[in-house]
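The values are calculated or read from the model by the stated rules, or taken from the named source; none is laboratory data. Bear in mind that the values here come from a model prediction, so they are computed numbers and not experimental data. Neighbour counts are summed over all protein chains in view; Cβ atoms, including those assigned to glycine, are modelled from backbone coordinates with ideal geometry. For the accessible areas, the whole protein counts, side chains as well, though only heavy atoms, and no ligand, DNA or RNA atoms are used. Shrake-Rupley method; radii C 1.70, N 1.55, O 1.52, S 1.80 Å.
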Amino acid sequence: MPTMTIGQFSKLLYSKRKFIFIIVFITSSVTAITSLFLPNWYRSTAVIMPPSPSQSPLSGAGLIGQLGGLSNVLGLSGQDLTRYLAILKSRTLMEKLALKYNLQEEYNTSNMEETVEVIEDNLEVEVGDEFQIFISFHDKNQDNIAEITNYICILLDSLNIDLKTSNAKNNREFIESRVEVILDSLSLLQTKTEKFLDKEGILNLQAQIEATITTAAEIKTIIMAKETELAIAKQTFKVENSKINQLELEIAELKKQYNTFYIDDKEILFPNLTKVPTLEIKYLKLQRELDYYSKVLEFLGPQFEFSKIEEAKSIPTFQILSKPARPEKKAKPRRSLIVLAVAFLTFMIITYYIYWQHYGKDMLHNYMTNSTNNDK
């Protein structure tokens with residue numbers, strides 16, 4: 001089977017150089033002329049920067065950070081970036097843009113679905129290394145494209161505010177419901193505590209217990225001293241002695257006073273010592289519940305106020321680093337690249353054609369001959 005070396009093939013192409021040049025020249029010229037009739041497309045770009053999460057005490061990030069630095073876990077700036085990209089790719093934004101500038105008529109599409117598809121192809125969104133967002137739009141209208149791109153930024157800001165306001169409203173309603181529950185619980189606990197204190201005659205449980213124990217201990221000490229004195233008097237004097245009678249009366253009165261510490265009497269400030277453990281447990285339980293709900297309310301209060309502020313405010317949600325401007329140069333078509341690509345493709349096709357004409361036919365003929373001989 002004959003073969004063709006690179007040198008032979010190069011000589012063959014050289015011998016056909018005029019033919020190759022004419023064909024490539026003609027196709028390139030036709031392509032260049034045809035490309036002149038292609039409409040120019042322009043691109044306008046805006047660069048925006050999402051805000052960094054605020055660290056003020058009333059901000060959501062600040063409040064979450066007070067609970068253990070969860071703001072880094074939640075990635076609040078990342079949420080903003082994701083939301084911006086989702087809005088820019090949303091059908092809502094594209095439909096508003098189409099209606100504003102009558103793009104369905106400009107793109108000559110039959111329905112809004114096709115118009116949105118064209119807008120989606122013409123809209124480019126890129127995220128930079130510093131998380132800045134590049135918003136670019138392509139259009140044939142050189143004078144109008146900057147306004148369209150700027151309106152995309154306006155729509156992005158408006159839709160983002162609506163989303164944030166809606167989220168803030170949901171947060172506010174949820175926190176408000178929790179605050180109401182906490183306030184109701186606190187009110188019930190305060191009423192329950194007041195009834196408990198009133199029933200048990202308690203003003204300050206800890207102070208009253210300390211005073212009761214101290215007073216009871218003092219009376220008990222006096223009783224023991226009097227009983228010792230009485231025992232000595234009985235050994236010294238007669239049973240009918242006035243000193244002994246006086247000591248017995250004093251001891252009986254002291255014991256009567258001492259026993260009052262073990263009875264329930266709301267007229268005195270000393271709690272019943274037999275009930276002190278139970279009283280302390282009940283009081284501590286009520287106090288613990290009050291402290292718990294107070295701490296929760298202390299935390300939810302600033303969040304509730306912040307959510308109301310977020311719901312009410314409508315300030316811009318991002319910074320525009322670079323405003324869209326009227327483009328001075330077209331973005332496409334790249335006519336020189338089109339001509340070069342067509343010229344290269346034509347050259348490859350002609351090269352293959354020449355190769356087939358001078359070598360492929362012979363190879364096919366030899367192959368068919370060999371196959372016929374093998375069959376015989």
Query - Meets criteria (open to solvent by 60 Å² or more (accessible area, probe 1.4 Å) and either at pLDDT below 80 or part of a strand (DSSP E or B) (or both)) for F196 - result: no
Query raised in the report: Do we have any residue at all in region 123-133 that's in contact with a His (Cβ under 9 Å, 6 or more places away or on another chain) and exposed (fewer than 13 other Cβ atoms within 10 Å of the Cβ)?
Result: no
Report task. Determine if region 127-140 includes at least one residue that is farther than 21 Å from T82 by Cβ and at pLDDT below 90. Result -> yes
Report summary line: Inside region 1-44, the number of residues satisfying the requirement of being of a type outside the set (A, V, I, L, M), assigned to a helix (DSSP H, G or I), over 15 Å from T351 (Cβ atoms) and free of Cβ contacts under 8 Å to residues at least 60 places away in the same chain is 4
Query raised in the report: Among all residue pairs at least 6 apart or on different chains, which show Cβ distances below 7 Å where the first residue, located in region 282-301, is more than 12 Å from T193 (Cα to Cα) and the second is of a type in the set (S, T, N, Q) and surrounded by 13 or more Cβ atoms within 10 Å (Cβ to Cβ)?
Result: Y293/S185
Query raised in the report: Restricting attention to region 330-344, which residues are open to solvent by 100 Å² or more (accessible area, probe 1.4 Å) and at pLDDT 85 or above?
Result: L340, F344
Query raised in the report: In region 26-44, which residues are of a type outside the set (S, T, N, Q), farther than 23 Å from Q142 by Cβ and surrounded by 12 or more Cβ atoms within 10 Å (Cβ to Cβ)?
Result: V30
**Report entry** Residues of region 135-173 satisfying the condition of being open to solvent by 70 Å² or more (accessible area, probe 1.4 Å) and outside any loop (DSSP other than H, G, I, E, B)
**Finding:** E147, I154, D162, L163, N167, K169, N170, N171, E173
Query raised in the report: Name the residues in region 252-292 that are at pLDDT 80 or above and surrounded by 14 or more Cβ atoms within 10 Å (Cβ to Cβ), would you?
Result: E289, L290, Y292
Report summary line: Within region 199-241, of all residues that are modelled with pLDDT under 65 and among the β-branched types (V, I, T), the one most open to solvent (accessible area, probe 1.4 Å) is V239
Report summary line: Residue set A61, A98; condition aliphatic (A, V, I, L, M) and at pLDDT below 50; output residue A61
Query raised in the report: What single numbered condition from (1) in contact with a helix residue (DSSP H, G or I) (Cβ under 8 Å, 6 or more places away or on another chain); (2) modelled with pLDDT under 85; (3) under 30 Å from P39 (Cα atoms) fails to hold for Y355?
Result: (3)
